[in-house]
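The values are calculated or read from the model by the stated rules, or taken from the named source; none is laboratory data. It should be emphasised that the depicted structure is a prediction, and the values quoted were computed from it without experimental measurement. Please note: Cβ atoms are built from the backbone with ideal geometry, for glycine as well, and neighbour counts cover all protein chains shown.
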Amino acid sequence: MADLVAIRNALAASITRYTGLRADGQGRDQVTPPCAVVLPREPLINYGSTMDGAVDINLMVLLIISDAAPVDATQRALDTYLGVDTNPVIGSSVPEAIEEDNTLGGLVHYTQAVTAGSYGRIEYSGVTYFGARISVVIGAI
């Protein structure tokens, strides 16, 4: 069966390696923006995705850009990490980082960023930040 801790840590490491954004594979009580946190999302696991016993693991990359009110530069930074900036810096978005190593070093069959949402005020660990959530699906055995 898939090792969820190893998968979350590998996804966080890939995001950091390809974007430069500090990412953590485990939830923490406190964070210092800008950063990303890889968390489970509902449903966590879809069993029986294929006949060989593969499962789909559903994770979320919580992008936390700032703890202050959004300003133009903050929104541009978030847009860049989401891959929707009008003047993108190549290799700086989280979806691009996921595509760069979509097997997480051979740990999983595939990793795919599927949606982005909750753009704006987001709550994490009792604190309101400015950021967004990226939904990720991972195929593993």
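I need the full set of residues from region 93-112 which are of a type outside the set (S, T, Y) and within 14 Å of the chain's Cα centre (by Cα), in order please. Give the derivation first.
Filtering region 93-112 down to residues of a type outside the set (S, T, Y) leaves 94-102, 104-109, 112.
Once the filter is applied, which keeps residues that are of a type outside the set (S, T, Y) and within 14 Å of the chain's Cα centre (by Cα), region 93-112 yields V94, P95, E96, A97, I98, E99, E100, D101, N102, L104, Q112.
For region 38-51, how many residues meet the condition of being part of a loop (DSSP other than H, G, I, E, B) and either modelled with pLDDT of 95 or more or loosely packed, with under 14 Cβ neighbours inside 10 Å (or both)? Talk me through it step by step, then tell me what you get.
Step one: of region 38-51, the residues part of a loop (DSSP other than H, G, I, E, B) are 47-51.
This time we only want the ones that are either modelled with pLDDT of 95 or more or loosely packed, with under 14 Cβ neighbours inside 10 Å (or both), so: 47-48, 50-51.
Going through region 38-51 one residue at a time, the tally reaches 4.
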Of all the residues that make up region 1-37, how many are hydrophobic (A, V, I, L, M, F, W, C), in contact (Cβ under 8 Å) with a residue 40 or more places away in the chain and not in a loop (DSSP other than H, G, I, E, B)?
8
Among the numbered conditions (1) of a type in the set (D, E, K, R); (2) modelled with pLDDT under 95; (3) within 17 Å of I7 (Cα to Cα), tell me where D72 comes up short.
(3)
